[in-house]
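Below is one structure, written out as structure tokens, with a few remarks after it.
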Amino acid sequence: MDEKFPLEIRVLAEARDLTTVKRNMKVTKGAFARIGLPVKLRYQTVVAPDEWTADTSFGGGPAQAEILDFMKSIFGGERPSGVDVVYFMTQHWDGGFADCIGGIRAADRAFAFGSVEYAIEGVVPSPTVDEGAIAAHEIGHLLGAHHHYANCAEALPSGAIRGDTNPCTTMWPLAASISSTFGLLERSFIRSYAAAYAKG
């Protein structure tokens, strides 16, 4: 299995956000490293479509499919050669979204995106959301993990030692509660998908 690793992630970011994206993705990289899955991050700056900035109200902006189509168009519809998954950290979405569960299996489905600066949980600002944990969550979906594998027992106290005080494991469906700690069931699926499908 070791010859498959590290997991190769292409990270897309708008140039103005690159420093913040790199800081956030350190959390993501750490979450996977703690379950024995080393990650190699390669960054690429992109220019989002002008029309995406037209509506910044809650629920406004591009649809999920628009963002995925934009990401895929950069690479001709499929992840680049040698890359396992593509992740876009963007100002144009609050929360996160993965193209499909287990998307790493298909070159045209290994795409996910999430917030670079998360501001909204419903309509209330949520200071406990970690954008790096959102990225780990969405990439976890691409590696076969579902929401129902999560729990709110395994994340603490180990996460609290790192300053991560959110009570639930990474695949929990509510961003304000997730930590960067994968639970036992989550990590089992993630590692098995990586072993089976990662090119490294």
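The values are calculated or read from the model by the stated rules, or taken from the named source; none is laboratory data. Computed from a prediction, not measured in an experiment: that's the story for all the values here. A quick note on method: Cβ atoms are made from the backbone with ideal geometry, for glycine too, and the neighbour counts reach across all protein chains shown. Surface areas here come from the heavy atoms of the whole protein model, side chains and all, with no ligands, DNA or RNA. Shrake-Rupley method; radii C 1.70, N 1.55, O 1.52, S 1.80 Å.
Decide, for region 98-200, between rounded, prolate and oblate: order the square roots of the alpha carbon gyration tensor eigenvalues as a ≥ b ≥ c, take rounded if a/c falls under 1.5, and otherwise choose prolate if a/b is larger than b/c, else oblate. Since a/c reaches 1.5 but b/c is at least a/b, the shape of region 98-200 is classed as oblate. Springs between Cα atoms under 10 Å define the GNM used for the chain, and in it the highest mean-square fluctuation of LYS72, LYS29, LYS40 occurs at LYS40.
Expressed as cubic angstrom per residue, what is the convex hull volume of the alpha carbon set of the chain? Walk me through the intermediate numbers first.
Numbers: hull volume 20.7 nm³, N = 200.
Output value, Cα hull per residue: 103 Å³.
Which order do peptides 87-94, 136-143, 10-17, 42-49 fall in by mean Cβ count within 10 Å, highest first?
Highest-to-lowest ranking by the protection proxy: 136-143, 87-94, 10-17, 42-49.
With 0.36 nm allotted per residue and the present C-alpha distance subtracted, the HIS147-ARG34 stretch has 38.7 nm of extension available.
Projecting the Cα atoms of ALA153, ALA107, ASN166 onto the charge dipole of region 94-200, computed from C-beta unit charges around the Cα centre, puts ALA107 farthest toward the positive end. Total lysine pairs in the chain at Cα distances under 20 Å, for residues eight or more apart or on different chains: 9. Each Cα pair under 8 Å and six or more residues apart adds its separation to the average, and for the chain the resulting relative contact order is 23 percent.
Roughly to the nearest percent, how much of the accessible area of region 70-168 is carbon and sulfur, given a 1.4 Å probe?
Here it works out to 56 percent.
This model, with +1 at the C-beta of Lys and Arg and -1 at the C-beta of Asp and Glu, gives the chain a dipole about its Cα centre of some 860 debye.
Counting only heavy atoms of protein chains, what accessible area per residue, in Å², does region 95-200 have with a probe of 1.4 Å?
On a per-residue basis, region 95-200 sits at 39 Å².
What does the C-alpha gyration tensor say about the overall shape of region 131-177? Classify as rounded when a/c is under 1.5, otherwise prolate if a/b is larger than b/c, or oblate.
Cα axes put region 131-177 in the prolate bin.
Taking a ≥ b ≥ c as the square roots of the eigenvalues of the alpha-carbon gyration tensor, region 62-158 is classed oblate because a/c is 1.5 or more while a/b is no larger than b/c. In this simple spin-label model, placing a label point 7 Å from the Cα along the Cα-to-Cβ direction at both GLU78 and THR53 gives a separation of 3.5 nm.
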